[in-house]
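Everything below concerns the one structure shown next.
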Amino acid sequence: MSQGFNHRGVWAIYRFEMARFLRTLVQSVVTPVITTSLYFVVFGAAIGSRMSEVGGVSYGAFIVPGLMMLSLFTGSISNASFGIYFPKFTGTIYELLSAPISAVELVLGYVGAAATKSILVATIILVTAFCFVPVRIEHPVWMLGFLLLTALTFSLFGFVVGIWAKSFEQLQLIPMLVVTPLTFLGGAFYSIDMLPAAWRTVALFNPVVYLVSGFRWSFYGAADVDVGVSLGITLGLLIGLLVVVSWMFKTGYRLKQ
């Protein structure tokens, strides 16, 4: 007789990961507020004075979706990768793998907690932004959809990184050398329409462009690429990562060694 969904196991993992977040709640809240404020002060003073509007939106408001996406990318990857890497590092991963909990339930617990934490921080950034610039959200349902999909996608990516990494140095390698540069080059703080034609073509090969563009469209109704394409790319990344995670558990890649 097949077992039902082990909601207690999922809740236990989720609660454990959230407790780790709550232990550093002040740091988790204060850091994004200070960082966001610095972005508005620095970018607003250095660039906003020279470029008052982008696509009919004040530059300060224009960068808000990019700031939120940057926080979602880095936070989701960091939380999920550390969450699964630490049991590997301490050896408790074997207890998890032998527990009466499926791979799907294990992933739900870790990825769900990582996505929740990154969404909370992104929300704090949005609230902070309202104190500095006139932010508007024209498509709130789409905004929430992109927010959730992006958090889940990059939490899954972080989960993959956490399984792949063999050291704490490798754990930081991809976020620092790949994700953050792609975010800065992906139109988080500018429109790719401002680039020369050749560089704009190159930028379209950066998947972050589509995520940032779709999210910004949900705020201001303007995007660098079609919102349907942005949604398709986001869903494609999510499905692709689900396939990779499934393969990792089926083969025991760096889990059962």
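The values are calculated or read from the model by the stated rules, or taken from the named source; none is laboratory data. The model shown is predicted, which means the values in this text are computed figures rather than measured ones. Every residue, glycine among them, receives a Cβ derived from its backbone with ideal geometry; neighbour counts consider all protein chains shown.
Per-residue answers, yes or no, for (1) modelled with pLDDT of 95 or more; (2) of a type outside the set (Phe, Trp, Tyr):
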residue: 93; (1), (2): no, yes
residue: 97; (1), (2): no, yes
residue: 116; (1), (2): yes, yes
residue: 157; (1), (2): yes, no
residue: 179; (1), (2): no, yes
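Just so you know, in the range 218-257 the residues that are loosely packed, with under 14 Cβ neighbours inside 10 Å and among the charged types (D, E, K, R) include one that is nearest to residue 194 (Cα to Cα), and it is 226. Scanning the range 130-140 turns up no residue that is farther than 30 Å from residue 51 by Cβ and either assigned to a helix (DSSP H, G or I) or not charged (D, E, K, R) (or both).
The one condition from (1) within 22 Å of residue 27 (Cα to Cα); (2) crowded, with 16+ Cβ neighbours inside 10 Å that residue 168 does not meet is (2). Taken as a whole, the structure places residue 160 among residues that are farther than 14 Å from residue 213 by Cα, surrounded by 15 or more Cβ atoms within 10 Å (Cβ to Cβ) and of a type in the set (A, V, I, L, M). The residues listed here are 14, 94; of these, the one that is among the aromatic types (Phe, Trp, Tyr), farther than 20 Å from residue 172 by Cβ and within 19 Å of the chain's Cα centre (by Cα) is 14.
Of 192, 174, all but one fail to be in contact with a helix residue (DSSP H, G or I) (Cβ under 8 Å, 6 or more places away or on another chain) and at pLDDT 90 or above; the exception is 192.
Taking residue 64, is it in contact with a Leu (Cβ under 8 Å, 6 or more places away or on another chain) and among the hydrophobic types (A, V, I, L, M, F, W, C)? For residue 64, the condition - in contact with a Leu (Cβ under 8 Å, 6 or more places away or on another chain) and among the hydrophobic types (A, V, I, L, M, F, W, C) - is met. Just to be sure I understand, how many residues within the range 101-134 are under 19 Å from residue 155 (Cβ atoms) and either of a type in the set (Phe, Trp, Tyr) or in contact with a Cys (Cβ under 7 Å, 6 or more places away or on another chain) (or both)? Counting residues in the range 101-134 that are under 19 Å from residue 155 (Cβ atoms) and either of a type in the set (Phe, Trp, Tyr) or in contact with a Cys (Cβ under 7 Å, 6 or more places away or on another chain) (or both) gives 1. Got at least one residue in the range 133-140 being touching a Gly at 6+ places or on another chain (Cβ under 8 Å) and among the β-branched types (Val, Ile, Thr)? Yes, the conditions are met somewhere in the range 133-140.
Considering the range 208-257, and only residues there that are of a type in the set (Gly, Ala, Ser) and touching a Leu at 6+ places or on another chain (Cβ under 8 Å), the residue that is farthest from residue 65 (Cα to Cα) turns out to be 230.
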